Structure formats: C-alpha cells, structure tokens
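What follows is a short report on a single structure.
The values are calculated or read from the model by the stated rules, or taken from the named source; none is laboratory data. None of the values given here were measured: they were computed from a predicted structure. Reconstructed Cβ throughout: ideal geometry from the backbone, glycine too, with neighbour counts over all protein chains shown. Note: accessible area is taken over every heavy atom of the protein model, side chains too, but ligands, DNA and RNA are not part of it. Shrake-Rupley method; radii C 1.70, N 1.55, O 1.52, S 1.80 Å.
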Amino acid sequence: MKVLSVASEAVPLIKTGGLADVVGALPAALAGHGVEMTTLLPGYPSVLKALGRLRSVHAWDALLGVPARLLTGKIDGHPLLVLDAPALYARDGAPYGDAAGQDWADNWQRFSALGRAAADIAGGAVDVRGKAMRFDLVHAHDWQAAMAPAYLRFAPFGGEARRVPSIVTIHNMAFQGWFGAETFPRLGLPREAWSIDGIEYHGGIGMLKAGLACADAVTTVSPTYAREIRSAAFGMGLEGLIVARGRAVSGILNGIDTAMWNPAGDAALAARYDARKLERRSVNKRALEAEFGLDRDDGPLFIVVTRLTWQKGMDVLLEVLDHLVGLGGRLALLGSGDAAIEQALHAAAARHPGRIGVRIGYDEALSHRMQGGGDAILVPSRFEPCGLTQLYGLAYGCVPVVARTGGLADTVIDANPAALAAGVATGVQFDGVHYDAVSAALTRTVDLYGRAEQWRAVQKNAMKCDFSWTASGQAYADLYRALLA
Ligand code: ADP
Ligand code: GLC
C-alpha cells in the first residue's frame, strides 16, 4: 500500500515541535506493515539546504497562482517529495511567521498550495519516467496539511473516478488555520465547498475544520485527547464537528524513536546507562549541574524541556518555583517561546542562584543530556494531545511529573500507594494546572525521591515501558486497510 503523508514538519529536516518527531518517525514505523510511506514537505530554505541537489519531477505553472516544482529525495532512507515554491516558502524566519513572531499573511495560500499539490500528486498528476505516481491514501497532519482532504473531496485531480481516501491527524486542536472569506475565491474550489460541511467556518475558511469535515477518518495522538476534544474545554470550537464525526474519530498514541532516544546508546550523554546501571546517571547529573551553574548536591534535580506557552502551563510553573526550591529541589529549564515567560524565568533564576538554571533556545543535544541527568521531568500542560517529553523521560528514568490530561494521562502511572504496592508506578500525576495541584505534586515527588528504594523502583518501571512505534504503527496500518476495504 502506498501512502502519501503530508505535513509541514519532519525530523531531521524541519522541526518546531513534536509534530516533526512523529511525521519523521512514521515511514519507518509503517514499513514493517506493508505500507510504503512517502512524505511531502514544503520546500523551506532549511529543507532544501539540508537535502542538497534534488531531482525535479513535475512543474506547476500556477499552483494557487504561483509557479512550483516537485522535487524527489529521501528522508532517512524513505521516499520524500518537496514542494519547491519560492514565492511561498523561500523566506527567512520560521515556518509559520517572521523573525518577530508575526504569522505570514499568506499562510492561507502557502498551506492551501500544499494541500492542492498533495491532491494532484495522489490523483496521478505527476509522471515519473513516463509512469504516473499514484497513492492509495493521503494522510494529512494538522491544519497546514488539512486542505488536502478538501481538495480530494471537492476538486480531485482526474475527477471523482480518481478520488483517493484521506485521513487527518490532529496533533493540536489549538492551531486551526482560520482565514478571511476573501481567500475563498482564490482556492480553486467549487462553490459548494463553501458550506457548513465543507471549508466554511465562522464566516471564513477553516483549514483544520475543512480537513475534519472532508477526511474519511480523523485521528488524534492519544485516546484521552480523542475523548477530550468532544468537549468545549478542549475542542476549541470544533467539538461539535468532532462529535458529529462519531466513530470516524479515534486516538492512536504516538511512539518514540527508540534509536534516537535510548540511554544505553545515546552519544549525547557523558555516561550511558540502562535500568541495571542507574547509578551511572549521577555522572550525567553532575555534568548537568555544571552546565546550568547549579549547586552540586544529592537533592532532586527537576528538568523542563518545552515551548514556553500557556498550553504548557509555564505561568503556573513560575508560581511554584519558590515552593520547589523550598523543598530542596533544583530546576534546569530549556525552552523558548513567549518573551514575557522567558524574562520571568530569567528573573526567577536570578532570585535563586544555584537552584534554578535557565537556558533559552532550542538545543536537541542538551535536551538529551537533561533527560539523562535530571531526576524528574515536570510537564504541567493545560492540555497535551500526546506529549513526547514525558515519553523520553520514561525511557531515560527521568521520572515524569505530569498533569492528568491527554497523552500525559495515558502514558504515566501515578505513584499512589496502590500503584506503588503493586509495583507499577512510573511517575506522578496531578489534577488541574494551578498552584495547589502542582505544588502538592512537587511535595509528593520530593518525598518519593527521599525513599530511595521506591524511587529506584519507579525509575525502573518507567524504563521498562514500551512506547516504541510497534503498537501504534500497527494501529495506523489497520486503519489504512479498513479505509481501503
Ligand atoms: P509540542 O509538540 O506540543 O511542543 P511534544 O512534547 O509533543 O510537545 O514535543 C516537543 C518536542 O520538542 C520534543 O521532542 C522535545 O524534546 C522538543 N523540544 C521542545 N522544546 C525544546 C527545546 N527548547 N530544545 C530542544 N528540544 C525541545
Ligand atoms: C503537538 C502536541 C503534542 C504532541 C505532538 C505530536 O505539538 O502539542 O502533545 O505530542 O503534537 O503529536
């Protein structure tokens, strides 16, 4: 079976968050299930630069009004297609906005073009060596790719007879791609697409909404998030549509790339280890203390690796820092995002020298060193479709302390007395992201850390968890087959 996976990010070419880890891992996760997955990405400068010379296999004179080419290459040995449209993608800054953080005004066009190209490619518009490239199914990720199912439904290449089924995966309901009604005439869609079961949303176009309405199936990245988005608190306005799609919506938990995230073979670590050699983590802990300018001591060292946003509960983290330090804890934080949160973190670090260390920026290798040396990773997210950093924490014996929501609820077993007695606890969970809940969880974590034998047991349970792609790869393959049947 040939599947076209469409997204705006994929490791190792372009990443702003977990979406990239997942899109980058899927081709390998599915290869063992008889699925050949080709990834289609926008031709951002960083993507073109990383790939060097690519072969051009197709050209559009006017893809939503601009010239574009399709390039072929490889991503970690799997087939890759790159949409090279300089008018849309050749610019400095981030994938979705300029260096000042302002969204690009033409994002409607940049990502509708991606969807239009995907529908063309899947439908057979591209000839390679005289033979049309064809796909059995299109798998679109998040709002940036979600117009693909809309084009497949309302304007498929080659007409209705060539219509290809599609899936949309929601990685984050908070980002929906809403644009004004004036963009509609420029999308090249028939009038009937402008409707409540099409792409119209609150008087404009909703790109994620379009995908949710038009795809044959909708998935999200954890079973709990799949349930949560049926409610107003998590559905962000789209809960009605999610409920209406009924059984077409399901949750498939993300996996992690166990070749990249394995403490026994991680080249980023000062000392590699496995569950039988946990004492070696202290070498990494000492190195981390030095790197963050923290006091050297045997108390618990918390880490945070995150985008600095409201979703991630960073405002509440700021409120609990004095409590964390009061408990004898220390914190090493790596993140970037909201400028006000960055400043407040720097101020907290200045208030607690030797106890709180902050690194603003994006640093993949450092994030590995933190998982390998920290005692516990704190994830106080208000909502979390899946979350990957707690999964990396589990694999590294860096005990996750998480809000009970989304994928965090699905992947961590709280160290309550029953779970401890049964020997299954893997972390600490708390209900609600506010001062009382998070500070109580910190107290509980520090107590547990003080009971060294129990703490070790929790670390070992965590490291035994299997969050590789094995089960989830199978689940996606089953869903693809069900749609084609
Ligand atoms: P989200 O996609 O919502 O940001 P996830 O937990 O799914 O959350 O994925 C975040 C990914 O980005 C993880 O791979 C995490 O390690 C990484 N990450 C986040 N912030 C940073 C940072 N400042 N430096 C390095 N890696 C980071
Ligand atoms: C999103 C979510 C995160 C999820 C990631 C990959 O960015 O915020 O929870 O893990 O996508 O699916």
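Of the residues Trp261, Trp310, only one is under 14 Å from Gln371 (Cα atoms) and under 26 Å from the mean Cα position of the chain (by Cα); which?
Numbers: Trp310 fails: under 14 Å from Gln371 (Cα atoms).
That would be Trp261, the only listed residue that is under 14 Å from Gln371 (Cα atoms) and under 26 Å from the mean Cα position of the chain (by Cα).
Out of the residues in region 9-33 meeting the condition of being more than 13 Å from ligand 1 (Cβ to nearest atom) and not in a helix (DSSP H, G or I), tell me which one is most open to solvent (accessible area, probe 1.4 Å).
Gly32
With the checklist (1) within 30 Å of Val35 (Cα to Cα); (2) in contact with a helix residue (DSSP H, G or I) (Cβ under 6 Å, 6 or more places away or on another chain) in hand, flag the one item Leu70 doesn't pass.
Of (1) within 30 Å of Val35 (Cα to Cα); (2) in contact with a helix residue (DSSP H, G or I) (Cβ under 6 Å, 6 or more places away or on another chain), only one is false for Leu70: (2).
Which one is modelled with the highest pLDDT, of the residues in region 34-47 that are open to solvent by 50 Å² or more (accessible area, probe 1.4 Å) and within 16 Å of Gly93 (Cα to Cα)?
That would be Pro45.
If the requirement is being near ligand 1 (Cβ under 8 Å from one of its atoms), at pLDDT 95 or above, in contact with an Asp or Glu (Cβ under 9 Å, 6 or more places away or on another chain) and under 16 Å from Leu294 (Cα atoms), which of these qualifies: Leu334, Leu388?
Leu334
Looking at region 214-253 only, could you name the residues that are part of a helix (DSSP H, G or I), touching a residue at least 40 places away in the same chain (Cβ under 8 Å) and in contact with a Leu (Cβ under 9 Å, 6 or more places away or on another chain)?
Cys214, Pro223, Thr224, Gly235
Within region 51-72, track down each residue that is touching a residue at least 12 places away in the same chain (Cβ under 8 Å) and open to solvent by 20 Å² or more (accessible area, probe 1.4 Å). Before the answer, list the steps.
So the first thing to find is which residues in region 51-72 are touching a residue at least 12 places away in the same chain (Cβ under 8 Å), and the list is 51, 54-58, 60, 63-72.
Leu51, Leu54, Arg55, Ser56, Val57, His58, Trp60, Leu64, Gly65, Pro67, Arg69, Thr72, listed by residue number.
Scanning region 399-436 for residues that are of a type outside the set (Asp, Glu) and free of Cβ contacts under 8 Å to residues at least 12 places away in the same chain, which turns out surrounded by the most Cβ atoms within 10 Å (Cβ to Cβ)?
Ala419
Per-residue answers, yes or no, for (1) out of contact with any Gly (no Cβ under 9 Å at 6 or more places or on another chain); (2) not polar (S, T, N, Q):
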residue: Glu279; (1), (2): yes, yes
residue: Lys285; (1), (2): no, yes
residue: Leu288; (1), (2): no, yes
residue: Leu294; (1), (2): no, yes
residue: Thr306; (1), (2): no, no
residue: Met314; (1), (2): no, yes
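Is it the case that Arg351 is closer than 23 Å to Leu19 by Cβ, in the same structural domain as Ala437 (by TED's automatic domain parsing) and either without any contact (Cβ under 8 Å) to a residue 24 or more places away in the chain or open to solvent by 50 Å² or more (accessible area, probe 1.4 Å) (or both)?
It is false that Arg351 is closer than 23 Å to Leu19 by Cβ, in the same structural domain as Ala437 (by TED's automatic domain parsing) and either without any contact (Cβ under 8 Å) to a residue 24 or more places away in the chain or open to solvent by 50 Å² or more (accessible area, probe 1.4 Å) (or both).
In a loop (DSSP other than H, G, I, E, B), modelled with pLDDT of 95 or more, open to solvent by 20 Å² or more (accessible area, probe 1.4 Å) and away from ligand 2 (no atom under 16 Å from the Cβ), is that true of Ala105?
yes
Just wondering, is there one or more residues in region 204-212 that are more than 30 Å from Leu408 (Cα to Cα) and surrounded by fewer than 23 Cβ atoms within 10 Å (Cβ to Cβ)?
Yes: region 204-212 contains one or more residues that are more than 30 Å from Leu408 (Cα to Cα) and surrounded by fewer than 23 Cβ atoms within 10 Å (Cβ to Cβ).
Residues being assigned to a strand (DSSP E or B) and either more than 16 Å from Arg307 (Cα to Cα) or in contact with an Asp or Glu (Cβ under 7 Å, 6 or more places away or on another chain) (or both): count how many of those fall in region 391-402.
So in region 391-402, the residues assigned to a strand (DSSP E or B) come out as 399-402.
Next cut, either more than 16 Å from Arg307 (Cα to Cα) or in contact with an Asp or Glu (Cβ under 7 Å, 6 or more places away or on another chain) (or both) only: 399-401.
Total meeting the criteria: 3.
Being aliphatic (A, V, I, L, M) and out of contact with any strand residue (DSSP E or B) (no Cβ under 9 Å at 6 or more places or on another chain), is that true of even one residue in region 220-232?
Yes: one or more hits.
Looking only at region 369-398, count every residue that is open to solvent by less than 10 Å² (accessible area, probe 1.4 Å) and within 18 Å of Ala267 (Cα to Cα) and tell me the total.
Number satisfying all stated conditions: 9.
Over 27 Å from Val11 (Cα atoms) and open to solvent by less than 40 Å² (accessible area, probe 1.4 Å): does that describe Gly246?
Taking the combined requirement at face value, the residue satisfies it.
If I ask for residues that are touching a Ser or Thr at 6+ places or on another chain (Cβ under 9 Å) and at negative phi, which ones from region 62-87 would you list?
Those that are touching a Ser or Thr at 6+ places or on another chain (Cβ under 9 Å) and at negative phi: Arg69, Leu70, Leu71, Thr72, Ile75, His78, Pro79, Leu80, Leu81, Val82, Asp84.
Name the residue, out of Arg280, Arg296, Arg272, Arg286, that is charged (D, E, K, R), open to solvent by 40 Å² or more (accessible area, probe 1.4 Å), touching a helix residue (DSSP H, G or I) at 6+ places or on another chain (Cβ under 6 Å) and over 30 Å from Ala145 (Cβ atoms).
Details: Arg280 fails: touching a helix residue (DSSP H, G or I) at 6+ places or on another chain (Cβ under 6 Å); Arg272 fails: touching a helix residue (DSSP H, G or I) at 6+ places or on another chain (Cβ under 6 Å); Arg286 fails: touching a helix residue (DSSP H, G or I) at 6+ places or on another chain (Cβ under 6 Å).
Of the residues listed, the single one that is charged (D, E, K, R), open to solvent by 40 Å² or more (accessible area, probe 1.4 Å), touching a helix residue (DSSP H, G or I) at 6+ places or on another chain (Cβ under 6 Å) and over 30 Å from Ala145 (Cβ atoms) is Arg296.
Consider region 145-171. How many of its residues are open to solvent by 10 Å² or more (accessible area, probe 1.4 Å) and under 24 Å from Pro385 (Cα atoms)?
1
Output the residues belonging to region 148-192 that are among the basic types (Lys, Arg) and either in a helix (DSSP H, G or I) or within 16 Å of ligand 1 (Cβ to nearest atom) (or both).
Going residue by residue through region 148-192, those that are among the basic types (Lys, Arg) are 153, 162-163, 186, 191.
Matches in region 148-192: Arg153, Arg162, Arg186, Arg191.
Given the residues Leu294, Leu241, which is the only one that is of a type in the set (A, V, I, L, M, F, W, C), over 24 Å from the mean Cα position of the chain (by Cα), modelled with pLDDT of 95 or more and away from ligand 1 (no atom under 16 Å from the Cβ)? Reasoning before the result, please.
On the way: Leu241 fails: over 24 Å from the mean Cα position of the chain (by Cα).
When all the criteria are applied, what remains is Leu294.
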